[in-house]
Amino acid sequence: ATAISSNTKIGIGNAQTLAKFAELVNGGTTCEGKTIILTDDIDLSDYQTGEGWTPIGNASKQFKGNFNGNGHKVTRLYINRSLVDYQGLFGYATGELKNVGVINADVTGQKFSGSLAGYASTITNSNATGNVTGSNNTGGLAGHTSNTITDSYAIGSVTGNGSCTGGLVGNAQQAITNSYAMGNVTGTTSSTGGLAGHANTITNSYATSSITGTNQTGGLAGYASTITNSYSTGNVTGTGRTGGLVGWVYQAITNSYATGNVTSTGELTGGLAG
């Protein structure tokens with residue numbers, strides 16, 4: 001607490017200090033104007049029982065600083081809160097999260113669930129591996145992003161029991177660039193995609209995920225505004241507005257393709273777009 005109040009850059013190098021940092025943020029220390037930097041890899045094996053790790057920040061007590069993983073990894077993240085929103089290493093972060101990997105994650109939440117963050121603003125050069133289960137806004141890396149995702153990826157299994165389920169992000173309000181996702185993605189309601197359930201623009205990105213969804217299901221995205229220089233290779237199964245690349249595209253698809261098999265029980269089905 002003294003370090004945060006006295007410095008603009010604060011280093012964290014072990015699980016106990018990261019947990020104390022989470023406790024401070026959840027108690028109202030916003031860290032606005034501060035940068036938290038990992039100084040070593042962190043193993044969260046000690047937080048594997050009960051509900052597991054307590055996310056950093058929530059809807060009422062947000063992390064408003066920046067977080068720089070400095071190329072380090074956070075391993076064995078475990079969260080089991082199927083009735084609680086905003087689950088991930090970070091629950092709710094409004095600053096930039098960058099240069100960090102979350103490895104071997106096992107996250108179960110409700111709305112806004114992801115390995116790195118349930119809700120984030122900007123994510124840069126970050127990645128995640130593992131399994132994520134949630135309801136609305138569920139993604140392998142993040143449940144929801146209000147700004148950009150760049151140079152990032154996720155590998156694993158994602159299951160969303162609500163709208164907006166994606167291999168990388170459930171709902172991306174701005175651009176996804178130079179990013180990818182691999183694994184299996186299953187959504188039980190609308191907007192399910194290998195990379196994103198719902199996205200604004202997708203550029204220079206791809207997904208090799210196997211997709212199973214309902215309405216608005218696509219190999220890359222369930223719904224997107226524009227897709228450029230991107231592709232998907234996974235098989236896609238839906239019930240309507242189902243496409244090899246995208247279930248529903250609002251504006252344009254440019255220099256992009258899909259190679260997976262597409263199966264749908266409803267109308268508006270295409271090899272590229274529903």
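The single condition among (1) over 9 Å from the mean Cα position of the chain (by Cα); (2) closer than 17 Å to Ala221 by Cβ; (3) open to solvent by 10 Å² or more (accessible area, probe 1.4 Å) that Ile176 does not satisfy is (3). Scanning the range 158-182 for residues that are under 21 Å from Thr228 (Cα atoms) and part of a loop (DSSP other than H, G, I, E, B) gives Cys164, Gly167, Leu168, Asn178, Ser179.
Scoring Asn171 on the criteria (1) open to solvent by 40 Å² or more (accessible area, probe 1.4 Å); (2) within 18 Å of Leu97 (Cβ to Cβ) leaves a single failure, condition (1). The one condition from (1) open to solvent by less than 10 Å² (accessible area, probe 1.4 Å); (2) among the aliphatic types (A, V, I, L, M); (3) farther than 16 Å from Ile103 by Cα that Val158 does not meet is (3).
Would you point out which residue out of Thr239, Thr269, Thr203 is under 17 Å from Cys164 (Cβ atoms) and open to solvent by 30 Å² or more (accessible area, probe 1.4 Å)? Answer to the check: Thr239. Inside the range 216-274, residues that are more than 14 Å from His198 (Cα to Cα) and among the charged types (D, E, K, R) make up a count of 1. Considering Tyr86, Tyr92, Tyr78, Tyr47, which residue is open to solvent by 40 Å² or more (accessible area, probe 1.4 Å), of a type outside the set (A, V, I, L, M), closer than 27 Å to Val185 by Cβ and touching a Pro at 6+ places or on another chain (Cβ under 9 Å)? Tyr86 is the lone residue from the list that is open to solvent by 40 Å² or more (accessible area, probe 1.4 Å), of a type outside the set (A, V, I, L, M), closer than 27 Å to Val185 by Cβ and touching a Pro at 6+ places or on another chain (Cβ under 9 Å).
Over 16 Å from Ser115 (Cβ atoms), in a strand (DSSP E or B) and open to solvent by 50 Å² or more (accessible area, probe 1.4 Å), is that true of Gly71? Yes.
In this structure, is Ala59 open to solvent by 20 Å² or more (accessible area, probe 1.4 Å) and under 23 Å from Ala196 (Cα atoms)? So Ala59 fits the description; yes. In the condition set (1) under 26 Å from Thr133 (Cα atoms); (2) of a type in the set (Asp, Glu); (3) in a loop (DSSP other than H, G, I, E, B), Asp46 is compliant with all but (3).
Taking first residues from the range 31-45 that are closer than 11 Å to Ala15 by Cβ and partners that are at pLDDT below 95 and of a type outside the set (S, T, N, Q), no Cβ contact under 8 Å between residues at least 6 apart in sequence or on separate chains turns up.
Do we find that Ile4 is touching a residue at least 12 places away in the same chain (Cβ under 8 Å), surrounded by 14 or more Cβ atoms within 10 Å (Cβ to Cβ) and in a strand (DSSP E or B) in this structure? Spelling it out, it is not the case that Ile4 is touching a residue at least 12 places away in the same chain (Cβ under 8 Å), surrounded by 14 or more Cβ atoms within 10 Å (Cβ to Cβ) and in a strand (DSSP E or B).
The values are calculated or read from the model by the stated rules, or taken from the named source; none is laboratory data. All values reported here derive from a predicted model rather than from experimental measurement. Here the Cβ is made from the backbone with ideal geometry for all residues, glycine too, and neighbour counts use every protein chain on show. Just so you know, the surface numbers come from the protein's heavy atoms only, side chains and all, with ligands and any DNA or RNA stripped out. Shrake-Rupley method; radii C 1.70, N 1.55, O 1.52, S 1.80 Å.
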